[in-house]
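Below: the structure, in structure tokens.
Computed from the coordinates by the stated procedures, all read-outs in this text should not be read as laboratory data. None of the values given here were measured: they were computed from a predicted structure. Note that we place each Cβ from the backbone using ideal geometry, even for glycine, and neighbour counts take in every protein chain shown.
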Amino acid sequence: MHILLTAMPESPGTFWEQFTGHFQTALENSGVFLADALWALIKVAAIFLAARFTLAVVSRMTRHVMNSARYHRTESGGKRTDTVMTLTRSFSRYLIYSVALVMALVELGVGDLVNNLIVTAGIGSVAIGFGAQSLVKDMVTGFFLMFENQFSVGDYIKVDGQEGYVEATAMRVTYLRTFKGEQIIIPNGNISQVINYTRGGYTAVVSVKVPFTMDADTVLEAVRLAAERACAGNPDVIEPPKLRGVTAFDQYGYEVTAAAKVKALTQWGCEWAIRREILREFAERGLEIASISGGAAPGQAEVRESEAAAAEPPTEA
């Protein structure tokens with residue numbers, strides 16, 4: 001009988017007191033947990049706000065340097081300064097947000113997980129390297145492109161068939177802006193060959209093909225005079241134009257070439273001016289330009305034949 005009495009459950013009052021006690025303890029613990037979680041979220045938000053503010057300060061400083069005349073006394077020095085500043089801004093963005101992310105993970109209580117990831121990265125660095133080799137290649141190539149000064153912000157370059165002005169350089173990509181206004185984003189790791197049209201002087205080259213029926217001396221004289229007239233008084237011309245003579249010929253005619261050394265990025269305008277003067281000179285002298293089918297250009301031979309036929313007296317029947 002004594003054993004049965006001791007095995008009986010406690011009274012309802014005692015059970016209710018234990019239940020309410022456990023419930024109050026759970027509420028107290030949950031309140032502490034919510035408070036800790038809320039405080040951690042506030043600190044995480046403060047970390048990212050501080051990161052954003054720091055990046056804004058860096059951007060403002062780099063923008064101030066890029067707009068300062070002190071660092072742009074020469075064209076080459078100014079472009080170099082702009083390139084370094086855009087690269088600094090890109091590197092700072094990666095660094096600041098990476099540090100902020102690690103600090104946020106620590107505040108959220110996953111510091112041990114971060115340490116384990118670092119250890120895992122040290123052990124499996126080879127596997128991670130294979131997985132991120134494209135990213136690493138882009139960043140390493142971008143560093144050497146800037147270190148070797150292959151191009152700067154503002155240069156007009158051609159990269160693997162794409163050409164335009166360098167708008168900005170980053171750790172991983174290069175931004176080009178074409179004449180049409182299109183923005184081309186090229187990963188630095190894909191850059192294998194760079195043609196820089198901005199460095200040094202360039203040569204404006206113009207060739208004109210005429211049929212074999214045209215007198216060579218007359219054509220050479222006309223091209224020489226046209227090139228000299230087009231380049232006269234042009235401040236972009238470094239050296240006066242030179243006549244290279246007959247540079248090529250085929251079944252359609254022979255080719256006469258003139259060239260002038262000009263400043264970078266002005267060769268297209270100079271070539272256009274020379275072609276315009278050649279057309280004027282040819283029109284005054286009655287010279288013809290060869291066509292693909294041979295002889296004079298389309299329209300010229302037909303006009304001359306019709307004029308000759310009209311000038312001939314009619315034959316008697």
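Just to verify a number: FRET efficiency for residue 74 and residue 163, C-beta to C-beta distance, R0 = 22 Å, to 0.05?
0.35
Using R₀ = 45 Å, calculate the FRET efficiency as 1/(1 + (r/R₀)^6) where r is the Cβ-Cβ separation of residue 264 and residue 48; round to 0.05.
The formula returns an efficiency of 0.50 here.
What distance in nm separates the two pseudo spin-label positions at residue 136 and residue 275, each 7 Å out from Cα along the beta-carbon direction?
Those two pseudo-labels are separated by 4.9 nm.
Tell me, in nm to one decimal, what length is gained between residue 185 and residue 251 on full extension, where the rule is 0.36 nm per residue of separation less the Cα-Cα distance?
19.3 nm is the gain from fully extending residue 185 to residue 251.
Taking R0 as 35 Å, what FRET efficiency do you get between residue 285 and residue 203 from their Cβ-Cβ distance, rounded to the nearest 0.05?
That gives a FRET efficiency of 0.85.
In what sequence do 207, 192, 90, 98 fall when counting other Cβ within 10 Å, fewest first?
Listed from fewest to most nearby Cβ atoms, that is 192, 98, 207, 90.
Could you work out the relative contact order of the stretch 199-278? I mean the mean sequence separation of Cα pairs under 8 Å and 6+ apart, divided by the number of residues, in percent.
Dividing the mean separation by the residue count of the stretch 199-278 yields 46 percent.
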